[in-house]
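Encoded as structure tokens, the structure appears first; notes follow it.
The values are calculated or read from the model by the stated rules, or taken from the named source; none is laboratory data. Please read all numbers here as calculations on a predicted model, not as lab measurements. We place every Cβ from the backbone using ideal geometry, glycine too, and count neighbours over all the protein chains shown. The protein model used for the area step is the full one, side chains on, heavy atoms only, and it has no ligands, DNA or RNA in it. Shrake-Rupley method; radii C 1.70, N 1.55, O 1.52, S 1.80 Å.
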Amino acid sequence: MGKCMIIGCGGVASVAIHKCCQNSEVFEGIMIASRTKSKCDALKEKLQPTTKTVIETAQVNADNVDELIRLIESYEPDVVLNLALPYQDLTIMDACLATKTHYVDTANYEPLDTAKFEYKWQWAYRERFEKAGITALLGSGFDPGVTGVFSAYAMKHEFDEINYIDILDCNGGDHGYPFATNFNPEINIREVSAKGSYIENGKWVETEPMEIKRVYDFKGVGEKDMYLLHHEELESLALNIKGIKRIRFFMTFGQSYLTHLKCLENVGMTSIEPIMYEGREIVPLQFLKAVLPDPASLGPRTVGKTNIGCIFRGKKDGKDKNYYLYNICDHQECYREVGSQAISYTTGVPAMIGAMMIMTGTWKKPGVYNIEEFDPDPFMEALNKWGLPWEEDFDPVLVD
Ligand code: NDP
């Protein structure tokens, strides 16, 4: 069918690459291009004997638009799948524009110096992508990603209007360390130490970090504390789903994680303000990242399950209706299949599916779109096929 260039070779990319290689009919060729080429080569060495997909590798600095353009021009992919960090979104979009190549990512752009999660920078590319006749698919991970597809599916098949959405992200996994993050620590800690917020009646309501706590009994996991966080898909879903009055995002955290985080915050280790140390500027959070366990090393140690999904409340045929769509994923099963834990797996699988939707032309419209703006049905079918089967509950326990 075609060729895909994957940028980045970290936790999420590794899963997406495994999945592309399982799907050689669509992904005839992939190029793994990242900052550290040895990681790309190691993955190629492992996977090439197992797949018909022809794997190439390259070194690239994705902060450099000219370098990206040269690489895209030489490989001529049908789509670029951005699995580097949110800081690289705009440079990669610029390179896609210059080469008229479709673009897919899993996280919205963030400037390095402010932990601000907003779509405005990427939405500003809409007209230019439209004119170039190419598609940018934003947020094709799990959350954002599958949560948007779930919302579009609920809207299409189950509701006339959706008034309330609660996105619940539960990780019941245990890696045995007192403190470690399941994905890039810098991104993770920026996310959880930021103020919380949700959207009510079209307006953002801000909370202190971790101010709002609820307890929920998750299928496959059990009872967990969960906390309201700001999350990027709230912004796009509030615009794209009809009738939304309130939309919130909750994530589970254990007490040990929160106590460590509070302590690190109190001593200034989670700050993104550069400081001088022995004549050199360092960012405390980046230094912290360097001393924490590499998320990729958690795979073999992590046991338990994740349960991520959305509870919808709204109206169908004039009657009130509740509906819960979720996926349960087992850390050890993921590790056995692709050598990664469930957090990377639940993001890498939808990333591959998003690229597939664009490569096969199943999703085809020039411009910049969030995932819920496309027909959810083929994506929902692909989730069942490619390792993230979903379950539904028509009488869920609600979150107050
Ligand atoms: P990792 O840190 O494990 O991987 C990032 C990769 O990008 C690394 O291989 C890194 O290179 C590479 N990279 C970083 N900067 C550059 C650069 N300037 N040029 C080229 N390559 C670069 O992160 P994850 O895999 O955990 O996360 C990847 C993305 O997925 C992030 O944007 C994250 O926010 C997103 N994500 C989305 C989720 C969702 O559900 N939507 C959930 C989890 C993550 P090197 O190997 O040299 O460090």
Taking a label point 7 Å from the Cα of T360 along Cα-to-Cβ, the residues of the stretch 371-386 whose backbone nitrogen sits under 16 Å from it are 374-386
SASA check, D294, accessible area w/ 1.4 Å probe, all protein chains in place, rounded to nearest 10 Å², comes out at 90
Check: C-alpha center the stretch 87-148 vs C-alpha center the stretch 1-37, spacing in Å is 18
Rounded to the nearest 10 Å², the accessible area of Y87 using a 1.4 Å probe with every protein chain kept is 30
For the stretch 341-355, in residue order, the Karplus 3J(HN,Hα) values (coefficients 6.51, -1.76, 1.60; θ = phi - 60°; whole Hz; Gly and Pro = x) are 7, 5, 5, 5, 5, 5, 8, x, 5, x, 5, 4, 5, x, 4
Under a Gaussian network model of the chain whose springs join Cα atoms within less than 10 Å, the largest fluctuation of N163, N370, N64 belongs to N64
Counting only protein heavy atoms and rolling a 1.4 Å probe, one gets per residue an accessible area for the chain in Å² of 42
Between L112 and W390, the two model label points (7 Å from Cα along the beta-carbon direction) sit apart by a distance in nm of 3.8
Under a 1.4 Å probe, counting only protein heavy atoms, H175 has an accessible area in Å², nearest 10, of 30
With -39,500 (n - 2.57) per DSSP H segment of 4 or more residues and division by the full residue count of the chain, the 222 nm estimate, nearest 500 deg cm²/dmol, is -10500 deg cm²/dmol
The long-range amide H neighbours of F253, using H built 1.01 Å from N in the peptide plane and a cut-off of under 5 Å, are D225, Y227
Karplus ³J(HN,Hα) for the stretch 62-70 (6.51 cos²θ - 1.76 cosθ + 1.60, θ = phi - 60°; Hz, whole; x = Gly/Pro) runs 6, 7, 10, 4, 4, 4, 5, 4, 4
Under a Gaussian network model of the chain whose springs join Cα atoms within less than 10 Å, the largest fluctuation of L97, L239, L229 belongs to L239
Of the accessible area of the stretch 226-270, computed with a 1.4 Å probe and all protein chains kept, carbon and sulfur make up a percent value of 58
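Which shape class applies to the chain: rounded if a/c is under 1.5, otherwise prolate when a/b exceeds b/c and oblate if not, where a ≥ b ≥ c are the square roots of the Cα gyration tensor eigenvalues? Spell out each step's value before the answer.
Numbers: a/c = 1.38, a/b = 1.12, b/c = 1.23.
Verdict is rounded for the chain.
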Carbon plus sulfur, as percent of the 1.4 Å-probe accessible area of the stretch 89-137, comes to 51
Order by accessible surface, 1.4 Å probe, largest leading, for residues E73, E223 comes to E223, E73
